[in-house]
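Comments concern the structure below.
The values are calculated or read from the model by the stated rules, or taken from the named source; none is laboratory data. In this text the structure is predicted, and so the values were computed from the model without any measurement. When we count neighbours, we look across all protein chains shown, and the Cβ atoms used for this are built from the backbone with ideal geometry, even at glycine. Side chains included, ligands, DNA and RNA excluded: accessible areas come from the protein's heavy atoms. Shrake-Rupley method; radii C 1.70, N 1.55, O 1.52, S 1.80 Å.
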Amino acid sequence: MVKQQKEEVDLSASLAEVWRVLTEKERDVLRNNSTIQHFKRNELIYCEGDEPRDMMCLLKGKVKIFKEGVGGRSQIIRMIKPVQYFGYRANFAQENYLTNASAFEASTVCMIPMTIVRNLLMSNPHLAMFFIRQLSLDLGIADERTVNLTQKHIRGRLAESLLFLKDSYGLEEDGATLSIYLSREDLANLSNMTTSNAIRTLSTFVAERIIAIDGRKIKLIDEDKLRKISKMG
């Protein structure tokens with residue numbers, strides 16, 4: 001069950017990039033119309049076909065954007081980290097959601113009605129430019145991932161996914177273990193391959209002492225070699 005409530009959240013800190021370009025009046029509008037929702041692990045945030053009514057900002061946790069493909073296989077499109085915005089593109093395109101979003105772990109999301117967002121964008125060109133830049137960055141990343149996932153071999157795709165997770169979520173205190181624990185299925189869905197291929201390739205990387213595995217924990221032993229594999233494809 002999703003909990004939706006009015007909470008005292010310091011939006012000036014949580015939404016710092018947006019907050020900077022807003023006037024005091026616009027900040028009050030945002031503060032008075034934003035709600036906080038809490039999602040459990042694996043809980044859906046929105047579904048394909050839903051009407052996009054809110055812009056969302058992940059305050060805490062991890063979220064995956066994915067699409068159900070042929071034969072029931074999922075493809076993870078993006079991984080969201082704090083403090084990133086998501087769920088608004090479909091509204092701007094005047095269409096329903098083409099993807100699904102779910103909490104990869106217990107997550108806290110700030111929900112801002114798109115009617116409020118649109119009004120703010122119409123009156124604040126600095127805010128409009130901020131989101132034009134965000135959409136442009138997302139498009140560039142999507143273009144690059146499309147090429148990499150279709151042209152790279154399995155080893156290159158998996159290496160790229162491991163580096164993507166490292167760059168997105170960082171490492172634990174040991175400076176080597178990824179700060180996100182994915183199932184083999186999720187890692188396969190992120191890398192556009194079957195789960196069995198992901199398992200075999202991970203085992204190969206372990207044998208070559210490129211990574212070490214402890215359950216869902218993945219430790220990067222030779223990041224330079226991993227980057228070389230990713231680059232060579």
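Things worth noting here:
- Kirkwood Rh (inverse of mean 1/r, distinct Cα pairs), the range 152-230, angstrom: 12.2 Å
- Assuming charge only on the beta carbon of Lys and Arg (+1) and of Asp and Glu (-1), the dipole of the chain about its Cα centre is about 520 debye to the nearest 20.
- Share of carbon and sulfur in the accessible area of the range 152-230 stands at 47%, probe radius 1.4 Å.
- Rounded FRET efficiency, nearest 0.05, which uses the C-beta distance separating Thr115 from Ser203 and R0 of 41 Å: 0.20
- Only Lys, Arg (+1) and Asp, Glu (-1) charged, at Cβ; the range 152-230 dipole about Cα centre in debye: 380 debye
- Relative contact order of the chain, pairs being alpha-carbon contacts under 8 Å that are 6 or more residues apart, as %: 18 percent
- Applying 0.36 nm per residue to the separation of Gln84 and Ile154 and subtracting their alpha-carbon distance, the gain on full extension is 22.3 nm.
- Using a cutoff of 8 angstrom between alpha carbon atoms and counting only pairs six or more residues apart, the relative contact order for the range 155-211 works out to 29 percent.
- In this calculation the C-beta distance from Ala93 to Ala16 is compared with R0 = 25 Å, giving a FRET efficiency of 0.40.
- In a fully extended conformation the segment linking Glu43 and Asp28 would gain 2.3 nm over its present Cα-Cα distance, using 0.36 nm per residue.
- Positive dipole terminus of the chain, leading residue within Ile65, Leu149, Gly87 (C-beta point charges): Leu149
- Relative contact order (percent, whole number), the range 126-233, Cα cutoff 8 Å, 6+ residue spacing: 31 percent
- Across the cross-link table entries Lys25/Lys64; Lys62/Lys219; Lys81/Lys219; Lys60/Lys228; Lys67/Lys217; Lys60/Lys166, which are compared at the Cα atoms, the separations over 28 Å belong to Lys25/Lys64; Lys60/Lys228.
- Solvent exposure of His126, expressed as accessible area, is near 130 Å², computed with a probe of 1.4 Å over the protein chains only.
- Placing a pseudo-label 7 Å from each Cα along the Cα-to-Cβ vector at Val70 and Glu172 gives an inter-label distance of 3.9 nm.
- Cα-only Debye scattering, the chain: base-10 log of I(q)/I(0) at q = 0.12, 0.14 Å⁻¹: -0.73, -0.95
- Calculated FRET efficiency for the pair Arg227/Thr146, C-beta based, R₀ 22 Å, to 0.05: 0.60
- Span-rule helices in the chain, defined as complete DSSP H runs reaching 20 Å or more along the axis (Cα) with Kyte mean at least -0.5: 125-151, 154-169
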